[in-house]
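Take a look at the structure below.
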Amino acid sequence: MNWTYHFNYNFDCCPGRPTLFNSFKKINFDIIRGILACGIRDSYRIFRSGGDDLEFDFKYGVDTNSYEDLFSHRVVGSNKNWATAYKSIRVKPFQKLLNAIDLPENSTFVDLGAGTGRALLVAAHSKRFGQVKGIEFSAQLYTQGLKNLEIAKPKCATKMTFVHQDIADFEPEANDQVFFSYDPCHADLLLKCLKKIEMSHRQFPRDIAFIYCINFKPNLNLIEYLSNWSQCELQKEEGNRFYIWRLKSLDSPAEKYVGAPL
């Protein structure tokens, strides 16, 4: 569950205190903010699903559980200050989501901000995709994610690739159809990536789904930009909120939001 503000890592919330103290205080504040936003019931369901995360890691011999404040990480690109703290997606809610929604079959699943690779592994084992691909700009997270994928490969027939890259520099390929993002950065940076996805869609028309997990309301600029896409829906799984936008034909009019209101 990513309950973090989009913030500049040079900001000192407690002047005169060590940086680690600032980070610890911020994480505690984010947890309180998250509970207020999601409610006690949904927050409890999110925390309760942590047991499924541990079981998943044990089953495949991987280590995908992580909460990382990225201020000390080595990264590629120049967008470090646009990143949020990294938190691994919950396994069970994401599994339920992939089983519940309509997605292009045998396509490529792309995780924008893949971290330790948990979402990639869940997507690969869902058997709904011909390939899964992760994009991650943190050197530490990329190293751990690549290790996890190498460990899991013998138990999974789905092709898995991991790229050390800033999502702002990512260039979608013709078979990339399902894009996932767990609130990895400020919306303005994510918009740069979405514009490239739209350009790719014009060049190679195809069904596209963008799945955005965030337990607050999405940024208004993001909603406004994606209103040009053909459909949006909100799917709740175990307290987690997944916003899904789709692109179909180039001349499809924008439809109203369906499901729970934004």
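The values are calculated or read from the model by the stated rules, or taken from the named source; none is laboratory data. Computed from a prediction, not measured in an experiment: that's the story for all the values here. With ideal geometry, Cβ positions are generated from the backbone for all residues, glycine too; neighbour counts draw on all protein chains shown. Protein only, heavy atoms only, side chains kept; ligands, DNA and RNA dropped before computing areas. Shrake-Rupley method; radii C 1.70, N 1.55, O 1.52, S 1.80 Å.
Given the conditions (1) surrounded by fewer than 16 Cβ atoms within 10 Å (Cβ to Cβ); (2) within 22 Å of V163 (Cα to Cα), report the number of the one that G51 does not fulfil.
Every listed condition holds for G51 apart from (2).
Do we find that G239 is crowded, with 17+ Cβ neighbours inside 10 Å and modelled with pLDDT under 95 in this structure? Lay out the reasoning, then the answer.
On the way: crowded, with 17+ Cβ neighbours inside 10 Å: yes; modelled with pLDDT under 95: yes.
It is true that G239 is crowded, with 17+ Cβ neighbours inside 10 Å and modelled with pLDDT under 95.
Here is a list: L141, L194, L149, L190. Which entry is over 22 Å from R90 (Cα atoms), touching a residue at least 12 places away in the same chain (Cβ under 8 Å) and aliphatic (A, V, I, L, M)? Talk me through it step by step, then tell me what you get.
Details: L141 fails: over 22 Å from R90 (Cα atoms); L149 fails: over 22 Å from R90 (Cα atoms); L190 fails: over 22 Å from R90 (Cα atoms).
Among L141, L194, L149, L190, only L194 is over 22 Å from R90 (Cα atoms), touching a residue at least 12 places away in the same chain (Cβ under 8 Å) and aliphatic (A, V, I, L, M).
Filter the stretch 66-95 for residues that are open to solvent by 30 Å² or more (accessible area, probe 1.4 Å) and at pLDDT 90 or above and give the result.
Of everything in the stretch 66-95, those that are open to solvent by 30 Å² or more (accessible area, probe 1.4 Å) and at pLDDT 90 or above turn out to be K92, Q95.
Cβ-Cβ below 9 Å, separation at least six or inter-chain, first residue in the stretch 162-184 and without any contact (Cβ under 8 Å) to a residue 40 or more places away in the chain, second assigned to a strand (DSSP E or B): which pairs?
V163/K133; V163/G134; V163/I135; V163/E136
Out of all the residues in the stretch 89-108, which are among the polar types (S, T, N, Q) and free of Cβ contacts under 8 Å to residues at least 40 places away in the same chain? Spell out how you get there, then give the answer.
Quick first cut of the stretch 89-108, residues among the polar types (S, T, N, Q) only: 95, 99, 106-108.
Within the stretch 89-108, Q95, N99, N106 qualify.
Considering each residue of the stretch 155-167, count those that are open to solvent by 20 Å² or more (accessible area, probe 1.4 Å) and either in contact with a Pro (Cβ under 9 Å, 6 or more places away or on another chain) or assigned to a helix (DSSP H, G or I) (or both), and give that number.
Result for the stretch 155-167: 1.
Could you count how many residues in the stretch 208-220 are open to solvent by 80 Å² or more (accessible area, probe 1.4 Å) and farther than 16 Å from R241 by Cα? Before the answer, list the steps.
Step one: filter the stretch 208-220 for residues open to solvent by 80 Å² or more (accessible area, probe 1.4 Å), giving 217, 220.
Imposing the further condition that a residue be farther than 16 Å from R241 by Cα reduces the set to 220.
Summing the residues that are open to solvent by 80 Å² or more (accessible area, probe 1.4 Å) and farther than 16 Å from R241 by Cα in the stretch 208-220 gives 1.
Which condition number in (1) among the charged types (D, E, K, R); (2) open to solvent by 10 Å² or more (accessible area, probe 1.4 Å); (3) modelled with pLDDT of 95 or more is the one that R118 fails?
Only one criterion is unmet by R118, namely (2).
Within the group A114, A152, A123, A119, which residue is assigned to a loop (DSSP other than H, G, I, E, B), among the small types (G, A, S) and at negative phi? Even if it seems obvious, please write down each step before you answer.
Numbers: A152 fails: assigned to a loop (DSSP other than H, G, I, E, B); A123 fails: assigned to a loop (DSSP other than H, G, I, E, B); A119 fails: assigned to a loop (DSSP other than H, G, I, E, B).
Being assigned to a loop (DSSP other than H, G, I, E, B), among the small types (G, A, S) and at negative phi holds for just one of A114, A152, A123, A119, which is A114.
Would it be correct to say that F129 is aromatic (F, W, Y), under 16 Å from F242 (Cβ atoms) and either surrounded by fewer than 24 Cβ atoms within 10 Å (Cβ to Cβ) or modelled with pLDDT of 95 or more (or both)? Quick ask: steps written out before the conclusion?
On the way: aromatic (F, W, Y): yes; under 16 Å from F242 (Cβ atoms): no; either surrounded by fewer than 24 Cβ atoms within 10 Å (Cβ to Cβ) or modelled with pLDDT of 95 or more (or both): yes.
Taking the combined requirement at face value, the residue does not satisfy it.
What number of residues in the stretch 175-207 are in a loop (DSSP other than H, G, I, E, B) and open to solvent by 30 Å² or more (accessible area, probe 1.4 Å)?
Adding up the residues that qualify gives 5.
Which of (1) open to solvent by 60 Å² or more (accessible area, probe 1.4 Å); (2) part of a strand (DSSP E or B) is the odd one out, the single condition E171 does not satisfy?
So E171 meets the others, but not (2).
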